[in-house]
1. Provide the percentage of antiparallel DSSP beta bridges, counting only those with both residues in chain B; round to the nearest 5.
2. If one takes the longest principal axis of the Cα atoms in chain B, at what angle in degrees, from 0 to 90 and to the nearest 10, does the Cα axis of helix B:145-157 lie?
3. Tell me, what is the percent relative contact order of chain A, built from C-alpha pairs under 8 Å that lie six or more residues apart?
4. Shielding of B:286-293 by partners, i.e. mean partner chain Cβ atoms within 10 Å per residue?
5. Whole angstrom only: what separates the Cα centroid of the range B:233-275 from the Cα centroid of the range B:49-70?
6. As an exercise, find the ratio Rg/Rh for chain B from alpha-carbon atoms, using the Kirkwood inverse-distance average for Rh.
7. List the equivalent ellipsoid semi-axes of the range A:5-225 in whole Å, largest first, each obtained as the square root of 5λ for an eigenvalue λ of the Cα gyration tensor.
8. Considering only DSSP beta bridges with both partners in the protein assembly as shown, what is the antiparallel share in %, to the nearest 5?
Ligand SMILES: Nc1ncnc2c1ncn2[C@@H]1O[C@H](COP(=O)(O)OP(=O)(O)OP(=O)(O)O)[C@@H](O)[C@H]1O
Ligand SMILES: [Mg+2]
């Protein structure tokens, strides 16, 4: 066992930086972090908008809510692999090429934003109506309610949703690898699957699992740190 | 301070059935600087009434005037400004879990745009006022129900409103905490001269702190007035709840009469009734009763056992004359038939 491990660790294919698993890890992390940054920036307003417009008095706003909700549902139910292929013309128009991490991130973001927005909307729904009403009765504007009640009160849940979305995005990056996005997924596909290097598959899978566990751990910690509600056993 | 003029609120039925008439032509005037109780069964429209006062619910018809402004006619920024004149306290306090006690208390000031230094000073005053010193940096989850409600009251008072509206402020609290919170409300009225409206289904709350009481039934007012007048009016629907009828005593070898006094110029205490009985050659013993002192006046619903000098029940004629004299002086007196 130890012997095998040592053998692996000195395997030039695995320790080499360029084209090796460590470089691929960095590419995967890069895609994930940028995608998630975009997802929070775009998904949170979308989630808030879905929540705020749901029971609007204006029929026009309600219609808009329904249309947005429909688009979100369609995008969410799109298999990611098909989405990424369908988006090739758009991504190559924006980034100038149809492969590579930057092209993949557009597809990743388009898949992650609706996913996250729905989760954010659910997080907001869990806030008791009485708390929102109490602040409205202090004379708060809609914007003040969003900033001072909705976001801070839902924050533990929102962080949980970001964690869940991040893990889904890591899975998507691996899938994007099979269409030359780069990163661990592509490494496993090109060298492991097509190139018959079984060690490469094992190493990339272990690395992906480690990243997911780490993300979950950090997410849980953060969520707990901002959670001041009473813990019910 | 608060004037309701023909206030009605009709909710459209959710399933397309009959609409719900939550409030039906409410006329009410609440004087400044007093504690007003609004009581009524569940579904009577109490919460709807208070929501109309804050503009959270638009009346279907009628006027809602708070401190000279017609709340129902306001919108947008003007309504938000008017709301800052009204403090609100809720049954479950509705504090934000993401804020400490001090931050919750400061919230109305933050919304009103009060500068930070001023805010901190005001919060310190309020913490002291409601007796929360030392707990200001705790989150609601770290406070007891009574402390949470103190934070809720401090928050309601933060922006120095003229009116404090309380929707079931003590219904989630135990007896002794309820008394503390009511004591606090009475004290605040005394010190700040604020107008308080308390919605409750607990008659004890009304007896303890209210100056006036209004009974809401199916969206209409069935009785309203000063606590003493309402309690002392034995024919009104509220007096039996404020001054509950004691259970009829059993196994007493005597005639028992029930007397409701408080409305009478001549008979102001139970002793006065007992003294009258003596003039009818009867000894009256208090066997059961509820007596309250409201605003320095006694209101009572008592049962007296009447016997003559030899320990026998008194005569029919004597009884009738006794009851008649009491009735003539404004005491509702009836024989209790076991
Ligand atoms: N938004 C609403 N839509 C439809 N009906 C409503 C709405 N709000 C209240 N009602 C109805 O109006 C009536 C009065 O309700 P309200 O909440 O004012 O009662 P309440 O006196 O506060 O009762 P409780 O003591 O249980 O709190 C009820 O029949 C209720 O079902
Ligand atoms: Mg209610």
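1. Just about 70 percent of them are antiparallel.
2. 70 degrees
3. Relative CO of chain A lands at 25 percent.
4. 0
5. Rounded to whole Å, the Cα centres lie 40 Å apart.
6. Result: Rg/Rh = 1.09.
7. Semi-axes from the Cα gyration tensor: 39, 21, 12 Å.
8. The answer is about 70 percent antiparallel.
Only the coordinates and a few stated rules stand behind these numbers; no lab work does. Please read these numbers as outputs of a predicted model, since none were measured by experiment. All Cβ positions, even for glycine, are placed from backbone atoms using ideal geometry, and neighbour counts span all protein chains on display.
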